[in-house]
Amino acid sequence: MITNLLRAERIKLFSTRAPWWCLALAFAAPIGFTALFFALAGPEIPATVGNTQLASGNGRTVLLVLAILATASEFNWGTMRLTFQAVPSRVPALLAKVVVVAAVGAVLGLVVGFGSWGLATLVQPDADLALHSAADWRSVVGQSLVFLLSAVAGVGVALLLRSVAFALTVVLVWTQLLEGLVVFIPGVGKHIYQWMPFHAADEFVGAGGFGAGALQLPSAPLGPWGYLGYFAAISIALFVAGVLVTARRDA
């Protein structure tokens, strides 16, 4: 049964062009920005492995869009009702969906991480961007975990809101506006910003260091792995809440 559910979710995910366009954009956006960043960056911006991942947030945002389209659109088109007729308990079908979307996210994160790093080394061949330390490897390979958890969060938001337009609005406003504006709240903004979920993701992969210096943020309250655990807890909580809500109301 599990294998059939996973196969069905894979077929549903890639049966339209939208996911393919999302994946292409999720790869091209951070790679293109990384190339421009390292080509135009002056000496005041250090060429570090962590800074090769500064644009990864663009890819994460597109992945969130993909996760929402893959989930909320099923409520809009009524295919989720057919799925629940075949799997009345609902939870296995939702778990299969999040596994497939998260697996796609994990692979995408790995490609974005190594792609951004590899392109930066080509643009600045004289810079020391070799993966010497565990922190360097975490910056690149860690994107796989961050993208996986972002996909889980996207599915959770879609299950909670069910509307493609509403879910996309919430996610885009949060990632592109609110997290960036909260830091400017007088007095407490910089401390609140340290607990924003996608800032936590950046801290794990080391992509938040440049921003921390520019914004003069206080010392991070958690280490890289603590931030990953925090981001994972939020992502999983969103998915669990979405499953509980979906299991209790009509499709």
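The values are calculated or read from the model by the stated rules, or taken from the named source; none is laboratory data. Note that the coordinates shown come from a computational prediction; the quantities given were computed from them, not determined experimentally. Backbone-built Cβ (ideal geometry, glycine too); neighbour counts: all protein chains shown. Just so you know, the surface numbers come from the protein's heavy atoms only, side chains and all, with ligands and any DNA or RNA stripped out. Shrake-Rupley method; radii C 1.70, N 1.55, O 1.52, S 1.80 Å.
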> Since ASP126 meets every condition but one in (1) over 28 Å from SER15 (Cα atoms); (2) of a type in the set (D, E, K, R); (3) part of a helix (DSSP H, G or I); (4) open to solvent by 20 Å² or more (accessible area, probe 1.4 Å), which condition does it not meet?
Replying inline: (3)
>> Looking at region 78-95, can you tell me whether even one residue there is within 16 Å of SER150 (Cβ to Cβ) and not hydrophobic (A, V, I, L, M, F, W, C)?
In response: no
>> Restricting to region 138-173, give me the number of residues that are open to solvent by less than 60 Å² (accessible area, probe 1.4 Å), of a type in the set (Ser, Thr, Tyr) and over 13 Å from the mean Cα position of the chain (by Cα).
In response: 2
> With respect to the numbered conditions (1) in contact with a helix residue (DSSP H, G or I) (Cβ under 9 Å, 6 or more places away or on another chain); (2) over 19 Å from ILE234 (Cβ atoms); (3) in a helix (DSSP H, G or I), which one is the sole condition not fulfilled by TRP137?
Replying inline: (1)
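If only one of ALA135, ALA72, ALA102, ALA127 is more than 16 Å from the chain's Cα centre (by Cα) and more than 19 Å from THR48 (Cα to Cα), which one is it?
Details: ALA135 fails: more than 19 Å from THR48 (Cα to Cα); ALA102 fails: more than 16 Å from the chain's Cα centre (by Cα); ALA127 fails: more than 19 Å from THR48 (Cα to Cα).
Only one candidate qualifies: ALA72.
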